[in-house]
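The values are calculated or read from the model by the stated rules, or taken from the named source; none is laboratory data. Here the structure is a predicted model, which is why all the values come from computation and not from measurement. Reconstructed Cβ throughout: ideal geometry from the backbone, glycine too, with neighbour counts over all protein chains shown. Accessible surface is based on the protein model in full, side chains and every heavy atom, while ligands, DNA and RNA are left aside. Shrake-Rupley method; radii C 1.70, N 1.55, O 1.52, S 1.80 Å.
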Amino acid sequence: MKSIKRFLKSDDGAVTVDWVVLTAAIIGLAIFGFGAFRDVALAIANALSSQMSSVVVSVF
C-alpha cells in the first residue's frame, strides 16, 4: 500500500508528459494549418516556378 501512495504522490515525468502533449499539439496545428492553406501555397509555388523558368540566364 505504501508503494501505491508513493507512486501517486510522485510527480517524476510530469514535465516530460507536458512537453510531449505540447509538441504533439503544435505538430497537429501545423499539419492543420498547411492543409487549410495548401491550395494557396501550391498556387504561389507554381507561379514562382513559372517565373523562374522564364528567366534567361546568360554567361558572359
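Criterion first (without any contact (Cβ under 8 Å) to a residue 60 or more places away in the chain, surrounded by 10 or more Cβ atoms within 10 Å (Cβ to Cβ) and out of contact with any strand residue (DSSP E or B) (no Cβ under 9 Å at 6 or more places or on another chain)) does Leu42 satisfy it?
In short, yes.
Pairs under 8 Å by beta carbon, first residue at pLDDT below 90 in region 11-33, partner open to solvent by less than 90 Å² (accessible area, probe 1.4 Å), six or more apart or different chains?
That search, which allows pairs on different chains as well, returns nothing.
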